[in-house]
Amino acid sequence: MKRGIHMVSDTLFFEAHLENVAYDLAVSPPVIYGEEAKQAAKKYGSLDHGAYLWKNNENTVALKNKNSISIAAHELRHAWQHKYEHTRFNYSVPAKQSRFRAFVSRKIYQATYLFNCKEIDADNFAADYCRRNRLTYDLGEVQERIFISRISRISISIGLICMLSSIAYLINVSIT
């Protein structure tokens, strides 16, 4: 180790940023990791990287592990959305649904995930946090997610336009 340079463990570095993000957003949900997070997130689907567990007043952030500040910032932004802008971001608990209806709702959410204003806002916040704090690796990670989301939204939109144009053409041809 060079003189004058103090090394900080990755865990302490991560936890310090986690505290900073929570402070910046004025939220303080419990944060769980690993197997505990995986089990808690089961009813929401799978835990790819992180999840904000808000239904049933859980208000908990579940993270797969302590290695991505951008994912932690993204999930804490969801806690902020729920606390301060819950109507704008539609954090209303759905009425009790049948298993089939819940399945359909989950599939619709998954299909429209890239267009969801909650996710776009959370990714933009995470990128801004990483940019302000010069977290180059994490900024690159979140910018890649944003880029892929944008390209996917453009591709889906173009596909829908082509499909609707084809349907309109076929309807017009069959009428004439």
Legend entry - Ser9-Ile120 pseudo-label distance in nm [points 7 Å out on the Cα-to-Cβ vector]: 4.1
Inset, instruction - Any chance you could get the radius of gyration and Dmax over the Cα atoms of the range 10-175, in Å? - result: 18.6, 68
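Order these by the 10 Å Cβ neighbour count, fewest first: Val104, Val21, Val173.
Details: Val104 12, Val21 24, Val173 8.
Lowest count first: Val173, Val104, Val21.
What order do you get for Tyr52, Tyr91 when you list them from fewest to most C-beta neighbours inside 10 Å?
Values: Tyr52 25, Tyr91 16.
Neighbour counts put them in this order, fewest first: Tyr91, Tyr52.
I need His78, His17 ordered by Cβ neighbour count within 10 Å, fewest first.
Numbers: His78 25, His17 19.
By the 10 Å Cβ count, ascending: His17, His78.
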Inset, instruction - Assuming R0 = 35 Å, can you tell me the calculated FRET efficiency for the pair Leu160 and Ala16, based on Cβ-Cβ distance, to the nearest 0.05? - result: 0.20
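Just so you know, all these numbers are worked out from the coordinates, no wet-lab data involved. No experiment lies behind these values; they were computed from the predicted model shown. Glycine gets a Cβ as well: all are built from the backbone with ideal geometry, and neighbour counts include every protein chain shown.
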